[in-house]
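Below: the structure, in structure tokens.
Just so it is clear, none of the values below were taken in a lab; they were calculated from the coordinates. No experiment lies behind these values; they were computed from the predicted model shown. Don't worry about glycine lacking a Cβ; one is built from the backbone with ideal geometry, like all the others, and counts go over all protein chains shown.
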């Protein structure tokens, strides 16, 4: 599954629990083969961990679970909302991603 979303992108939720909270988050990790991404502050779950050497106290830990790529959109700071992304090849051969609504360059492709 090809996706325009990459690590360190800022995204906004368009479906799921975080849809109405209008919050943005930074993509921490992308799993393209599964079509999912881990986003900072999205899809928080509680895990009951037993004590280990790495975590001697154990207890209940909150962590981010992967969210499906169809539930997030790239955030355009000019439009101030989630946008569809286009790809363009420049004259020098480099590729860029841009906002399909306002034309703002989002980042290098």
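Go through 23-30, 48-55, 97-104 and give me the packing order, highest mean Cβ count within 10 Å leading.
Working: 23-30: 16.8, 48-55: 8.8, 97-104: 14.9.
The most tightly packed comes first, giving 23-30, 97-104, 48-55.
Expected output is a single nm value to one decimal: the length gained when fully extending between residue 31 and residue 95, i.e. 0.36 nm times separation in residues minus the C-alpha distance. What is it?
Working: separation 64, 0.36 × 64 = 23.04 nm, distance 2.19 nm.
That works out to 20.9 nm of additional length.
Within the listed set 57, 95, 46, the residue fluctuating most in the Gaussian network model of the chain (springs between alpha-carbon atoms under 10 angstrom) is 57. Each of the peptides 86-94, 8-16 was scored by the mean count of other Cβ atoms within 10 Å over its residues; in descending order, highest first, they stand as 8-16, 86-94. Here, the chain has an Rg and a Dmax of 16.8, 57 Å when only alpha carbons are counted.
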